[in-house]
Amino acid sequence: MSSPRALCGLALACGLILGSGLAGSPQARAADPGSLSDVADCAIRNLPPAAHAHAKVVARSGKGKEHAFEVEYWSRTAPEGTRQIVIVDPNAPKDAVSAYLFSDGDSIGEAWAYSAKKGKAVKIESRGPKARLFDTNLSLEDFARFARVVFPGQVRRLADAEIGGRKAYVVETKPAPDSGSAYSRIVTSIDQEWCLILRRESYDAAFAKAAKPRKLYQVAPADVRVDGQYANGSRARQDDAKDGSSTEMQILSLELPAQLDESLFTPDALPRAGH
């Protein structure tokens, strides 16, 4: 069964096609094949085989401290439909992680990290409060969900909505209890023409009794760019209501090659990418 994947694994940098754990998963198909199939087909149409992006990231703490840096990103979709993503901060301090490798795997997925201090890539835990992407409010789970679609859990399509005057599919995901997710519920709104995520609300059972989203990811329709048949968010933002932090990303350049060398997407290649 084919699984739609995100155009760019770094959702805030490249814009999301789909990352809510819906299309292609047995849980999704069993839940409501008719109502979810349109969303799955939409995501597949907006799926390039590879991407390479250069982006600016601005991370702000709830106390107003700001950290700006630039990243490079590569993604690859294997013939069988699995995703691999490398993201690099070439100017990271020697004692900090400068490169990550993400691959599809069980539950949230498999992650590797490289720092000059350690001198090699090591497999890391992709869940928990300390599992964050560089110096941002993006958890590794946030990133993995941006990069992938298939996650264990209950998925259903909600009533369609409008965002910025544009029609959107709305899908609710309730992660499986054993998935290790930090979220009790995720609501994703996907533009019906561009097949791009415009809004994602992530609910935490420990925040506001799950009555309102803890994290909110948004792409303004005015910031969407269409490159051939593929739509991308040139700017995006994620806010965390729990601590007041935010992460904004802006695409500086984007290439959609027919393919990328698969040897780039290995733990052994991370030291070269991270320098």
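The values are calculated or read from the model by the stated rules, or taken from the named source; none is laboratory data. Since the structure is predicted, the reported quantities are computational estimates derived from the model, not experimental observations. Positions of Cβ are backbone-derived with ideal geometry, glycine not excepted, and every protein chain shown enters the neighbour counts. These accessible areas exclude ligands, DNA and RNA; they are computed on the full protein's heavy atoms, side chains included. Shrake-Rupley method; radii C 1.70, N 1.55, O 1.52, S 1.80 Å.
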Enumeration of residues in region 186-222 that are among the charged types (D, E, K, R) and either open to solvent by 40 Å² or more (accessible area, probe 1.4 Å) or part of a strand (DSSP E or B) (or both): ASP191, GLU193, ARG199, ARG200, GLU201, LYS209, LYS212, LYS215
Any hit, region 225-242, residues being touching an Asp or Glu at 6+ places or on another chain (Cβ under 7 Å), modelled with pLDDT under 95 and either assigned to a strand (DSSP E or B) or aromatic (Phe, Trp, Tyr) (or both): yes
Subset of region 60-107 [modelled with pLDDT under 90, in contact with a Gly (Cβ under 8 Å, 6 or more places away or on another chain) and either over 20 Å from THR266 (Cβ atoms) or surrounded by fewer than 22 Cβ atoms within 10 Å (Cβ to Cβ) (or both)]: GLY81, SER103, SER107
Number of the exception - HIS54 against (1) at pLDDT 50 or above; (2) open to solvent by 20 Å² or more (accessible area, probe 1.4 Å); (3) farther than 25 Å from ASP227 by Cα: (3)
Close pairs (8 angstrom Cβ cut-off, 6 or more residues apart or separate chains): farther than 22 Å from PRO175 by Cβ and outside any helix (DSSP H, G or I) in region 26-50, open to solvent by 70 Å² or more (accessible area, probe 1.4 Å) and modelled with pLDDT of 85 or more anywhere: ASN46/GLN229; PRO49/ALA258; PRO49/GLN259; ALA50/ALA258; ALA50/GLN259
Matching residues in region 256-268 - criterion: being more than 18 Å from the chain's Cα centre (by Cα) and not small (Gly, Ala, Ser): PRO257, GLN259, LEU260, ASP261, GLU262, LEU264, THR266, PRO267, ASP268
Restricting region 189-226 to residues that are among the acidic types (Asp, Glu) and free of Cβ contacts under 8 Å to residues at least 40 places away in the same chain, the residue that is farthest from VAL39 (Cα to Cα): ASP204
Residue list for region 240-275, restricted to those being crowded, with 18+ Cβ neighbours inside 10 Å and more than 22 Å from ALA99 (Cβ to Cβ): ASP240, SER245, SER246
Search result, residues across region 110-133 that are on the phi > 0 side of the Ramachandran plot and either open to solvent by less than 40 Å² (accessible area, probe 1.4 Å) or modelled with pLDDT under 90 (or both): GLY128
Meets criteria (in contact with a strand residue (DSSP E or B) (Cβ under 8 Å, 6 or more places away or on another chain) and open to solvent by less than 40 Å² (accessible area, probe 1.4 Å)) for LEU140: yes
